[in-house]
Each structure stands twice: as C-alpha cells, then as structure tokens.
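Read through the structure below, which is laid out as structure tokens, and then see the notes.
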Protein chains: 2
Amino acid sequence: MNVNAEIICVGTELLLGDIIDTNSAHLSQGLAELGINLFHRETVGDNHDRLVHVLKSAIGENDIVITSGGLGATCDDITKEAVAEAMGLELVLHEPSLRRIEEHYRRRGAVMTENNIKQAYLPQGAIVFDNEYGTAPIIAVQKDGKTVILLPGVPRELIPMFDEKIKPWLKEQFSDSTIVSRNLRLYGIGEAAAEDVLRDLMDSYTNPTIAPYAKTGEVLLRLTARGKNENECNALIDSLQEKVFERVGEFVYGIDVDSLEAELNRVLREKKLTVAFAESCTGGMCAKRVIDVPGASNVIGMSVVTYSKEAKIKLLGINPETVEKHGTISAECAVEMAEGLRSLSGADISVSVTGVAGPDTDEGKAVGTVFVGVASPRGVRVSEFNLARGKREREYIRTLAANAVINEARVEAERL
Amino acid sequence: MNVNAEIICVGTELLLGDIIDTNSAHLSQGLAELGINLFHRETVGDNHDRLVHVLKSAIGENDIVITSGGLGATCDDITKEAVAEAMGLELVLHEPSLRRIEEHYRRRGAVMTENNIKQAYLPQGAIVFDNEYGTAPIIAVQKDGKTVILLPGVPRELIPMFDEKIKPWLKEQFSDSTIVSRNLRLYGIGEAAAEDVLRDLMDSYTNPTIAPYAKTGEVLLRLTARGKNENECNALIDSLQEKVFERVGEFVYGIDVDSLEAELNRVLREKKLTVAFAESCTGGMCAKRVIDVPGASNVIGMSVVTYSKEAKIKLLGINPETVEKHGTISAECAVEMAEGLRSLSGADISVSVTGVAGPDTDEGKAVGTVFVGVASPRGVRVSEFNLARGKREREYIRTLAANAVINEARVEAERL
C-alpha cells in the first residue's frame, strides 16, 4: 500500500518564529516508522481563508493530512472550522464531548462560556479520541477516501496522544506490512567516516535499509526492514547488523538506547555501581544529563562543579604546586581531581574534566583542549581530547566534553 | 511598503523528522523584525521536481523566497539547480567562487572533484555573499521583481550569515521604515494572567504593539514600534512601557536580556558578588545554566550536586537529626543545606534546592513540592514552591525549580 501524508502546522506564533516547531519532527518520525510517505510539510498562521486553501490542496494531493494547533477555545483557534469547510462537512454538536467539557468545568467549579460549548461542535461523522492530556478535541475526519487528523499544538498533549492513540489507529487503517527499525548508537566516529565505511551497504541494500544520522558528537545508524511480521523484519535486520558490526562494531555503544547517559545508567545499575563528576569546563552538564535519566538516584549520589582554581584546591584537595607547575588545564590536574573526588564522594567511578571551552585560549592551551580523569578500583587514568570545531563553538565544545566524560564513565563501568 | 516572503526548507532528513528545524524560527523572527510578512512556511525533501513546483508557486505568490538547505557538494544537494529552473535562469561559472573553492582545497592539501567545481556554478546574475562560516555558496537571485535567497541548512552557518549579511541587505532593499522591538522578561506571573491584565492595551494599541509569549515558567512581553527612525520608535515604546509597568512592573526582571541566568550574571558582576548552588532535584541544572552565560568565571567558583541524603550530610554537614525529623525535602533541610554550602563555598550568595520532581511522591511530599534556601550576609531564608503541572512533567518541574533557584539568587543579589 502506498500512502501519502502531509503535515500542516497552524499558528501565527510559529510563523513569527517565537516557537520552535518540535511537533513536526515527532509526527514525521512516526509516519516514517509506519511506512507512510511524507513529501511536504507546511506552516500557516491563524487565518481562516489561507488555512482552507492550504487544506484543500493538501487533501487533494494526499491520503492523510495531519494538522497541529488551532484547537483551543479562543477565536484564534480556527482549525476545526477550516477542516469542516475544506471537506464540505457541517459542524454538529457531539454530545459526549459536551458532557466531557461540562464535567471538566463542574469539577473545577468554573463557569462554561459559549466558546467552551463551541469546542463540542465537531465535523459530521468525526471519530473522537479521548484526549487524556488536555481539553482540546482530538479527532479524525474521513470522507471520499481522505483522512484528516486534528491534533492540538501543545507538544505535551500532541506527543503522547499521537504515540498512544493516533499511531496505532493509523497502523490499523493504512499499514498492510510491518516496519521495524533498530537504532545503533555510535561514539568515537564521525558521520562522514561512518558513511565512507558503510557506503556500499547503504547503496546496495533496499530492504533492510541502513541510514546514518549525525547527532552532536555521535552517529545514529538506523536499520529498517519491511516484512510480513516482526520476526521477518528482525531476521532481516539481524543479518545486516552483523555486516555493520564487522566494520564499525567497536564504536557501537548501545542499541535502541536514547543516549550515552541512558546507557551509562543501564550499565551502572546492572553492575550496582555509582558515579560522581568533578566538572570544570562542563559546569554541571554531566551531572544534569546523568540525573535526567529516570532512576538516577541508584547511580549518582553526589557531584561537584569546581570551576575556579580555588574550588579545585579546597574541595578536591588538588596540590597547589601541581596547579602552579602544570596549570589547572592539564593531565596532572585532571588526575588529582579524579583522585580527590574519589575520596570526597566515595563513588565507584569518579570522573573529572578540565579544559578550554573558549571562546578564548586559557593558560596557553588551545580552545577545545580537554582532559578527562577517571579514578576507580582499577586505578587512575587520564585522556586528552581536542574538541575544537571552528569559531563560536563554546556550547558545542562543552557538549562534546560532556559526551567524552560520560563515555569514559561508561567504558570504565563496562570494565569493572 | 508591503513585502511578503515565504521560507522553504529543503531536506529529506527534515521530512523524516531526524532533525528538528530551528532555522525557520530564526529566519521568521528576523523577517518579523524587518516588517516583512510571512504567511507560509514549507518543508520539502531532496526531490528536484517537487522542489521546482513548490518554488514556482512560492515565487508567484511572494516578493521574497528564502530557502534553507540543499547547497552542499553532493548529488542530494539540488536547491541551486531547482531555483535556476524555477526562475528560468542558466547556471554559469562564477570565477571568484571557483578560486575561493580552489584555495580552500589547496590549503587543506585535498583534491578537488568535479562536484566541487559544480559548487562554483551559480544562476546568472546571482549576488554572492561571502560565507565566512563554511563552503556552501550563499546567494541572492533577482528577476522580474522577485528575490530568492539561498542559505545553507547547517544552523551554525545559516544563523550568523543571516544575521550579519542577509538581514542588513534585506533591510536596505525592502524596508522603508524602521522597526524596533523591546523585550520585557517577566517572572512570577503566568501568560494567561498577564494577558488578562494587559488585554485592553493589546487590543487598542496598533503602533506600538504589545504581544505576550509564554516561555517555560516565564512570560516575554514584546513591545514593537514602527517609525521613521530609531528615536521615534523608542519614544513610542517608552510611553507604552510606562503603562505596562504600572500593571506588571513588579514581575519584570529584565529588559532585552536573554534569561534569568543572564540577568543574574549581570547583577552579580555589577555588585562583584559570587554565587554557589547545592542542588538536589535539579541535579546540576542551576550550575549549568549559570555557567552557560559568558563571563561566568567572575560570578561562580564552585557548586555541588547533593542528590543523596548521605551527600547532603557529608558534603554540606546537614544534621542527621534534621533529616530524620523533617526529611530531606523540607524547609529545615533547605536552610541547613544553604548554610552548609555557605561555609563550604565561601560564596556571597549560597542557594540550596530540594524537592520532588516526580514522577512519584517522595517522603510523603507531593510531586512539585520544592524548597529553596538562600544564605547570604543578610541571613538565611527559605521559600516553598508548588510547581506541579499535570502528569509526566518531571523535566518541566526541574526546569521550573531551576528558574526559582536562579530567581531567588537574583533577588538576593539585588538586595545586597
């Protein structure tokens, strides 16, 4: 089955650039996973006539149109009316929705306005999905073989509702085969180098396929197969994965994991180990990222940011002579920071980081110079990195430094 | 002058949702600042025919079309060819570009391929802007009163080139009046409440205008004026700002500042003060955000993440009895954390935070309960916040908690 879809985002705030559109990427990825083609995405403001025009053309050219935004209770919210007009349908009162809205206001002790009642009017024959994350109606409208799905603009409603309700429904309606994707996450190799090594596989394989994506300081390789069922897809992917591992296996740190810190969390929990960081140039990024992962309290109890020389000496017990002789941005300092942190934190793995994030050189060291120290029951080691990438890249260098720190912790945990 | 523009993003990776499009928001904001209308934004894949079709329609309906992406040296990069076809122009060799590319490869000791030479072929009569941030050609093509501007897809090339070269050029070509915007940043009031209080000003003012935008836990009020010159615009904004301050002045923490942490940095530097954090539920976010701001080394030397009970006792010297009696999520614990941090760090302002980010309740305290302690030469104080917002909001609560912490530090710095 060859199914084409288009996404239309509605909202003047989007057009003014005051909001970055993260919904589109999420919806696009979901459609790709269902094997539904997406050739075109559009963003329009809160203007009825323009929206109707864009909708008509999108409905004409596609099987499915998904809108995001413009479903609230104010007069700016025009999507439902525009969809009804574009499809030639009346808006009729949907009793269950009215009762749901009444119940919502009754519970809050608030008074319903005419606009709230307006929310219960839906295009004739609309399929209603219960919105568990807000009050906007989430509906699908079908006519003459065309489907229009209306989603709210707020990501914290749209994303879970799409994943939990709309995607399974689309799969049932539009997908006669199963598509399985597997994501290999690579650290330590660039996208260009990975492409070079994998080029012939990328070119020759059509099912399964392999596609590389650059993430900040990482590469994601997506293997995707289409087949009759999950088993068939997985078998196809397994055989391709074997070939991929022969070439870049040493760089793969995880399969279907979200990030370096998620994989670190997994390994630490599996081995019942803890980690701590002593951060200079990364300034708390490493701790933040590790604590972003659910269940972090099992793997991290303490972490410190020692940004100044004085903090390194006072909190971590660095020898002032080491600083005088080698500077704070040095392998020697990184080693003493890791050792000092180990005594302070009692963590199984103590990782230190000191470096130059820029924009200016520091202590005569080039921008991008970063030292990472690791102390564990295996002893102490230190690695030097050069992470410079052109100018104006302070944030980028700090992110790459945090990647290096988290990866070193992960490697150490694997070895313990 | 009424000038209409459209933005077209080119790239299959965008359509597959593997990249979140941040370029569009930046370009849209820039156009809004120039008073150029934007009614429509589109995203298409790396498909020549489809791109030509979309370009022709956009050129037909607008004065300016800006493309982003598809300018590299590979065969996927099709924007230049599609623009030439859509405008009915030949591609001709542009000698200075060829020399620039040759020089680039000569310096790197690399060999030029035919594809690299292809990069030097540009639509007839193209205006070339020197790309200081990469090798992709950045050009404007004008014909029959229509202008098409081709920008690369990489944000770290597109954003500075648009700001430094394209925007001033567009202003010269298309703007006969000056537009000035001023951003007031508010903390402590929600978007809905701010709108309620300002509704009549929003409705009655057309020049200057006032528009509120919700940021995470903050509100941005943008005052925008159009006039003959900057002075005239500023005078218009001043008079509206006075009215706005009468109503919500107590919540305004900064004018044309980037964030709470940028304003904190400014106040601390002005008063030559330092800050330190003892973070529990925020896990390093506060330190990270303060160190994100350039010049952070003047205002922060040290910070700690005390995630576990043991870390709070060991590093900050919390009395174990306090923990036993009140729990770690308590005003009492926050006070002792702030005091302990003050001794440890020697910072002028020591701020502690302990709370429940969720998803589960902790120590019998509800999700969203957060205590912030502040110790400074003025003494010690503690504030309790309830930051819960529906379910699945761990990240959101942590961000709001970090906002509260940074704001408390800012308020304390103002008072010292």
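The values are calculated or read from the model by the stated rules, or taken from the named source; none is laboratory data. Since the structure is predicted, the reported quantities are computational estimates derived from the model, not experimental observations. Every residue, glycine as well, gets a Cβ built from its backbone with ideal geometry; the counts of neighbours run over all protein chains shown.
Here are a few things to note about the model shown:
- Residue list for segment B:354-367, filter: closer than 12 Å to B:Arg394 by Cβ and either surrounded by 21 or more Cβ atoms within 10 Å (Cβ to Cβ) or touching an Asp or Glu at 6+ places or on another chain (Cβ under 8 Å) (or both): B:Gly355, B:Val356, B:Ala357, B:Gly358, B:Val367
- Test result for B:Ala388, modelled with pLDDT under 95 and either within 14 Å of chain A (Cβ to nearest Cβ) or buried (at least 21 other Cβ atoms within 10 Å of the Cβ) (or both): yes
- Filter pass, B:Ala331 being modelled with pLDDT of 95 or more, touching a Gly at 6+ places or on another chain (Cβ under 6 Å) and assigned by TED's automatic domain parsing to the domain that holds B:Phe277: no
- Between B:Val275, B:Val293, B:Val267, the distinction of being buried (at least 24 other Cβ atoms within 10 Å of the Cβ), in contact (Cβ under 8 Å) with a residue 12 or more places away in the chain, assigned by TED's automatic domain parsing to the domain that holds B:Glu393 and of a type in the set (Val, Ile, Thr) belongs to B:Val275 only.
- Of all the numbered requirements in (1) among the aliphatic types (A, V, I, L, M); (2) within 13 Å of chain B (Cβ to nearest Cβ); (3) closer than 21 Å to B:Met302 by Cα, A:Ala334 misses one, and that requirement is (2).
- Inspection of segment A:305-312 identifies at least one residue that is farther than 20 Å from B:Arg289 by Cβ, modelled with pLDDT of 95 or more and surrounded by 24 or more Cβ atoms within 10 Å (Cβ to Cβ).
- The number of residues in segment A:52-71 that are in contact with a Ser or Thr (Cβ under 7 Å, 6 or more places away or on another chain) and either farther than 30 Å from A:Thr178 by Cβ or free of Cβ contacts under 8 Å to residues at least 12 places away in the same chain (or both) comes to 3.
- Scanning segment A:288-307 for residues that are at the interface with chain B (Cβ under 7 Å from one of its Cβ atoms) and out of contact with any helix residue (DSSP H, G or I) (no Cβ under 7 Å at 6 or more places or on another chain) turns up A:Ile291, A:Ser297.
- For segment A:35-55, the set of residues classified as crowded, with 20+ Cβ neighbours inside 10 Å, part of a helix (DSSP H, G or I) and more than 8 Å from every other protein chain (Cβ to nearest Cβ) consists of A:Leu51, A:Leu55, listed by residue number.
- Filter result for A:Ile349 (buried (at least 23 other Cβ atoms within 10 Å of the Cβ), within 13 Å of chain B (Cβ to nearest Cβ) and either in contact (Cβ under 8 Å) with a residue 40 or more places away in the chain or of a type in the set (Gly, Ala, Ser) (or both)): no
- Residues of segment A:3-34 that turn out to be away from every other protein chain (no Cβ under 11 Å) and not in a loop (DSSP other than H, G, I, E, B), as a count: 3
- Qualifying residues in segment A:56-85 (those that are among the hydroxyl-bearing types (Ser, Thr, Tyr) and surrounded by fewer than 18 Cβ atoms within 10 Å (Cβ to Cβ)) - the one modelled with the highest pLDDT: A:Ser57
- Residues considered: B:Val111, B:Val141, B:Val128, B:Val180. Of these, the only one that is within 30 Å of B:Thr206 (Cβ to Cβ), without any contact (Cβ under 8 Å) to a residue 60 or more places away in the chain and either in contact with a helix residue (DSSP H, G or I) (Cβ under 8 Å, 6 or more places away or on another chain) or not in a helix (DSSP H, G or I) (or both) is B:Val180.
- The combined condition, being in the same structural domain as A:Ile300 (by TED's automatic domain parsing), in contact (Cβ under 8 Å) with a residue 12 or more places away in the chain, over 23 Å from B:Ser297 (Cβ atoms) and buried (at least 24 other Cβ atoms within 10 Å of the Cβ), is fulfilled by A:Ala375.
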